[in-house]
Amino acid sequence: MSTTTDPMELGESTSTLAGSTTTTTTSTTTAATTVVNAIAKTVAIISSTVSGGSTTGASPARTSSGTTPTPSSTPTPTTPTSSHSFSSNLEDAEEKLSVKDLSQALQHFGIVDYLVFVAMLAVCAVIGFYFGFIEKKQKRKKLAGKDGAGAAGLEERRGSEALDYLVGGRQMKVFPVALSLVASFVSGISLLGTSTEIYVYGTQYAFILVTLAISGTISWYIFLPVFCNLQLTSTYEYFELRFNKSVRLLGSAFFTGANIIWLPIVIYVPALAFNQVTGINIHIITPIVCLVCIFYTTVGGLKAVVWTDVIQTVIMIGAIFFVVIKGTLDVGGLGVVIQRNYDSGRLEWPEATFDPKVRMSLMAMLVGNLAHNAYNLGCNQIITQRYLSLPGIKEMAQTSFIFIFGLVVLMAICLYNGLLLYATYYDCDPLTTKLAVAKDQLVPLLVVQSLSSFPGVPGMFVAGVFSAALSSLSTGMNSLAAVFLEDYIRPLARKPLTEHQTAIIMRLVTVAIGVLSVALVFVVERMGSHVMQLSMTIGSVVQGPLLGLFVMGLLCPSIKSRSAIVGSLCSFFFMGWLCLSAQLAINSGEIQFETKPVSVEGCDYEFEHPLVSPANATYAISSQSASLTFAQQLYNVSFMLYSTMGATVAVITAHLAGFIFGRNKPEDVDIDLLSPCIRRFHKINYTSVKLDETILKVPNEKS
């Protein structure tokens, strides 16, 4: 009998184990079963060769023999096109491996794997040491040997502590910065969460590839030209130029809050992967790895961050390529992957509906994800700080093209990996059996089951996932150091900071943020949601208001400072209520999303069966959907639309506040602070008011 279940209900958090509403599958087991036997059986599982036929590439620990083990004294014949070889190998023992024993036995991380992982951390630490000590010493010697005040003055400006630490002296190269941008954008959340999204919900999310390309174009032509021309260290300095210091502090506070929430999620994801392959507690590995990251970020500054990102991007891409190629060969080729996903209904476009409550509709992807990515690619301090480390606009354009292209390619690989996950576990869902207790442990499970026979490859994969996380963590710490220095400390300092004071402050801020991020992993662990959705949901609390502020400043010249503050604060409180209500509803089971069917029909190990079927859960949801209150209708909206909703509330409220606080006249706003697409319209309005040609000459000369 085929059994299906809902992974959302059963695999939400590592802290959630098997529920009370389960029944234990009975089987004949012996009291002498030990961990040694479990390991021996697992070796037999992994080494069993599966080829040809529709069952090729099934999970090494399962067959199509059914979910209820039936003892038999007659061995089952083996065929080259079936995974029954494992069954026949264990039939003599007349016992089946329990999911607990299998999970422990799969935690195989050899010496070579540990060496690969440690080597990655060592290389990052060495890069930080080089830029923090050796390269800085060489620069000082070069400065000391300079002749001529002009050259020395230029070097002093280039080599000032803050400029060098935060934007690399604005002399970084195109290709390293482009790879750093890819590494910063593609965190462990993307590497693991994107694949999991496809496995659980289908290919609707694949439409993100289209929105990424469009978002990159929007950010380059609307947002980035202004920031690049102004050459700001902190993006939020723009708010003081366009509005006032209060708006700048408000924007900086939003960014700080968003990243303090986001960074622990970034750390938590690779810790899950490491726990899956080694069994080491996540609260042991996270402080150790983050200590290395804090070291090279604190010591080396942006140069160390960028060059470690280059190394980490190479490791990350190499790891995911190896997993995809080996996994595809194991299941029997690309045709098998496509066919199994097609048969399960996973290959589909986003639903063409205007219902905002649909989790992944075409409208949610185009309207919601487009705005979300446009902010991240064009307004986020983490991204813009990399662009501002380049010497000119030409280099920025080249970097932007390489960045978007690399991002689309890497995300496409992650999306395909989700299809590969289902093709591998199509008849034995690890989330149902609790072989993977969290959704985002599916990819690591695939790695240890299919690649453990290759020494060092699991280590390379874990190093790749951690590389993605460390690049995001180091980038976040460096960007927050820039914001703290430029937006909080310097404006409040009674007298200008010395170079030594600047160096100490930036490094102390970096260390404090790193320690806080590690501590907040305990909180993230208790959140019952898939990390990709959790990241977008929580981030939208401040991303919506921030996007609204940038839209007001760049595209709405009539909005004044007080109106902008009112609009962004209203948006912040609204989004805070919305996201908190939605998260509580998800944790309580009030909000449940329809998932794609899974099966445990081919499992050949013991596990606990749930009593609640997905059909019942779906019926309960549909019966309540017609009687939702207005508040419930709001927080049932797709999480993809959160950033758009926050920005819309902010802009509309600010325009309404303009009736109270007044509006700017065209000449009140510096044209250089407006987006290029608004400048031409702004000029037309400006000249239409002034009829005297002698007066027109002044603004034309300025523009």
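The values are calculated or read from the model by the stated rules, or taken from the named source; none is laboratory data. No experiment lies behind these values; they were computed from the predicted model shown. Positions of Cβ are backbone-derived with ideal geometry, glycine not excepted, and every protein chain shown enters the neighbour counts. These area figures cover heavy atoms from the full protein model, side chains too; ligands, DNA and RNA do not enter into them. Shrake-Rupley method; radii C 1.70, N 1.55, O 1.52, S 1.80 Å.
Structure summary
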| read-out | value |
| --- | --- |
| Output for segment 416-460, where each listed residue is small (Gly, Ala, Ser), touching an Asp or Glu at 6+ places or on another chain (Cβ under 8 Å) and over 17 Å from Leu272 (Cα atoms) | Gly418, Ser450, Gly456 |
| Elements of type helices (runs of 4 or more DSSP H) contained in segment 362-466, each with 2 or more residues being open to solvent by less than 20 Å² (accessible area, probe 1.4 Å), closer than 19 Å to Ile189 by Cβ and in contact (Cβ under 8 Å) with a residue 24 or more places away in the chain | 370-378, 381-387, 393-424, 442-450 |
| Single unsatisfied condition, Asp355 versus (1) outside any helix (DSSP H, G or I); (2) of a type outside the set (Phe, Trp, Tyr); (3) crowded, with 24+ Cβ neighbours inside 10 Å | (3) |
| Matching entry among Ile222, Ile189, Ile208, Ile198 (being touching a helix residue (DSSP H, G or I) at 6+ places or on another chain (Cβ under 8 Å), over 29 Å from Pro270 (Cα atoms), in contact (Cβ under 8 Å) with a residue 40 or more places away in the chain and of a type in the set (A, V, I, L, M)) | Ile222 |
| Qualifying residue in segment 264-276 (condition: in contact with a helix residue (DSSP H, G or I) (Cβ under 7 Å, 6 or more places away or on another chain) and surrounded by fewer than 21 Cβ atoms within 10 Å (Cβ to Cβ)) | no |
| Considering residues of segment 627-659 that are touching a residue at least 12 places away in the same chain (Cβ under 8 Å) and β-branched (Val, Ile, Thr) only, the residue surrounded by the fewest Cβ atoms within 10 Å (Cβ to Cβ) | Ile652 |
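Residues are listed down the side, and each one gets a yes or a no for (1) modelled with pLDDT of 90 or more; (2) touching a strand residue (DSSP E or B) at 6+ places or on another chain (Cβ under 7 Å); (3) closer than 23 Å to Thr297 by Cβ:
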position	(1), (2), (3)
Phe185	no, no, yes
Thr211	yes, no, no
Phe239	yes, no, no
Ala253	yes, no, yes
Thr256	yes, no, yes
Ile260	no, no, yes
